[in-house]
Structure formats: C-alpha cells, structure tokens
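J.: Before I ask anything, let me first share the structure, which is written out below as structure tokens.
The values are calculated or read from the model by the stated rules, or taken from the named source; none is laboratory data. All figures in this text were calculated on a predicted structure; none of them were measured in a lab. Positions of Cβ are backbone-derived with ideal geometry, glycine not excepted, and every protein chain shown enters the neighbour counts.
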Amino acid sequence: MSFRRQSLAQLLFGALLLAFAEIASAQTDDEYANPDRPGIADGSEVVGAKRFQIETGLQVELRNEHGSKDRTIFLPTLFRVGLSDKFEARVESNGYNWERSRDQGEDATKSCGWSPVSIGAKYQFQKRDGARQPAIGVIGRLFPPSGSGDFRSHHWIGDLRLAADWDFAPKLSLNPNVGVGHYEDDHGRAFNTGLLAVTLNYNPSKQLNIFVDTGEQFPEQRNGHASAIVDAGVAYLPTKNLQLDLSVGTRVAGVTGPHPFFSAGISRRF
C-alpha cells in the first residue's frame, strides 16, 4: 500500500474511532453543536465561550478542461476556539493536497504539498430570534504566504464576509454570506474579488440538516469572469457534540471551480 493510501486510510479510521467513542459517551450539553461545515456559506453562530471545535474532512475535486484531466484530494480543516459568547478565534487550511493531472496523449503527473493557512476570527453581533430577527456576524481571515510545493501562496491574501442565519419558517432557514476577498490565482497574481453564498437548510429535527447552496465569486481570477458552484448534502448529529456530513457539488459557471466535487466530514466540539 502506498504512503498516500495509508495516510487516507489512517484518517478515515481515526474519524470512525472518534465517532464511535463519542456516540458511546454521555450527552451533557444543552445545545447542539453548529459547525460551519459542510456547505459553501459559513454560519454566524460562534462556538461558545471556553469551547474548542475541530471540523475536518476529505474532499475530492475533478476537473476536465481542454483535454486535461485533474484530480485533487485534500483535507479541509478548521479549528475554532471560543473566547467569549460572541467572539471566536479561527485557524483554517485545506491541509495536505494530492493532485494528479493528465494531458491528452501524455503521461500523468503528480504533485503534493501543504495548503496556505489562515488566522481569523468570527464576531456575532446579533443573536437570532425566530423569524423576526436573524443572527448576524462577521468573519475575517488572513493568509500569510505559506504552504508548500505547487500549493504555496506568495502574497498576503484574505477575505471579510458578513454572515447571517434566518429561521424564516418552521424547519427552514437561510444562511447568506456576502463579502470581499483579496486572493491569488493559479498564476500567482493577486486580485480583488466579490463573494456571495447562500444556503437553504431543512431541519426535520435538531439532529438532521438537509441543505442546498450556491457560491459565487466575481471575478474568479485576475482579469477573469465570474464563477459559480452549487452543492447539496446532509449533516447528522448522533450526539450534541458530534456531526457527520456528506455533500456533492459542481461548477455551473466559470473555469476554475471543480466539476464535480465530493466531500465527507466530521466535526467535534470539546
């Protein structure tokens, strides 16, 4: 078995052990955890004072452009630390990447490396109150030049987003995000962009969330056009501190987004 397959197998085995251990433990928290994964839009809720939460998973993205077929596998991970009831610190990265590319008529090439890491924060300045009042927060991230190999960034980049959670009907809620970003494209060029995302959630119970969402970026690269992706999935909380999720999506506009992508994840609150 190759090192890459061993690493992925160990990750999945560890996630399963964590899930089974948590299911077997007692549930003592009053409220269910509210992870930002899965989906494109992040929520406005913070993790809570003196709480720690890890959200991680495995994502596979496929691309097929002009005879070139690419497959990227990475491990998106978010660490959240509650500093107060309204404020949390965040560290986020796509973790380690494995990429395989094949151009028509040529042998496949492989590359791997670490993704850039961001340091950020979320502040919730308005709590939700049913259909009358959505919860509203702001999320900021800053990525210093970091990462390794083909996945390394060369500029200071980041984004700032306004996030809301609106329970507009029984068992239904909307989670919109709007913001701006300063990113780096595949050619290492920095550019400014607008960000928009919205998630529609259906919650038949406190433990189950079924969702569809979309995300837009305009432009998607320097001197480029707008991009858009859509996805759908399900998240299930077997306990109040543990969430398991599955989702699938694809690009519907632009050239840089995956077509399609698949994701499975686990989130644990401490």
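J.: What do you reckon, is Ser115 without any contact (Cβ under 8 Å) to a residue 60 or more places away in the chain and more than 25 Å from Gly82 (Cβ to Cβ)?
T.: When the stated conditions are applied, Ser115 does not pass them.
J.: Sticking with this structure for a sec: So which pairs qualify, if the first residue must be in the range 166-194 and without any contact (Cβ under 8 Å) to a residue 60 or more places away in the chain and within 28 Å of His154 (Cβ to Cβ), the second must be outside any strand (DSSP E or B) and among the small types (Gly, Ala, Ser), the Cβ gap must be under 7 Å, and the two must be at least 6 apart or on different chains?
T.: Short answer, once both residue conditions are applied: Glu184/Ser153.
J.: Filter the range 146-161 down to the residues that are in contact with a Gly (Cβ under 6 Å, 6 or more places away or on another chain) and in a strand (DSSP E or B), then identify the one that is surrounded by the fewest Cβ atoms within 10 Å (Cβ to Cβ).
T.: In this case the residue turns out to be Leu160.
J.: Take the residues in the range 128-145 that are more than 16 Å from the chain's Cα centre (by Cα) and surrounded by 16 or more Cβ atoms within 10 Å (Cβ to Cβ), then tell me which one is nearest to Lys110 (Cα to Cα).
T.: Applying the filter and picking the extreme gives Gly137.
J.: Among the residues of the range 208-244, how many are charged (D, E, K, R), touching a residue at least 40 places away in the same chain (Cβ under 8 Å) and surrounded by fewer than 20 Cβ atoms within 10 Å (Cβ to Cβ)?
T.: Within the range 208-244, residues that are charged (D, E, K, R), touching a residue at least 40 places away in the same chain (Cβ under 8 Å) and surrounded by fewer than 20 Cβ atoms within 10 Å (Cβ to Cβ) number 1.
J.: Hey, can you tell me all the residues within the range 69-87 that are in a strand (DSSP E or B), crowded, with 19+ Cβ neighbours inside 10 Å and not β-branched (Val, Ile, Thr)?
T.: Those that are in a strand (DSSP E or B), crowded, with 19+ Cβ neighbours inside 10 Å and not β-branched (Val, Ile, Thr): Phe74, Leu78, Arg80, Gly82.
J.: If we scan the range 52-59, do we find a residue that is modelled with pLDDT of 95 or more, of a type in the set (Phe, Trp, Tyr), assigned to a strand (DSSP E or B) and buried (at least 18 other Cβ atoms within 10 Å of the Cβ)?
T.: No: zero hits.
J.: Picking from Thr193, Thr199, which residue would you name as being over 18 Å from Ser44 (Cα atoms), assigned to a strand (DSSP E or B) and of a type in the set (Ser, Thr, Tyr)?
T.: Exactly one residue qualifies, and that residue is Thr193.
J.: Another question, then. Working only within the range 165-203, note down all residues that are more than 21 Å from the chain's Cα centre (by Cα), under 26 Å from Ser146 (Cβ atoms) and of a type outside the set (A, V, I, L, M, F, W, C).
T.: His187, Gly188, Arg189 - these are the residues of the range 165-203 that are more than 21 Å from the chain's Cα centre (by Cα), under 26 Å from Ser146 (Cβ atoms) and of a type outside the set (A, V, I, L, M, F, W, C).
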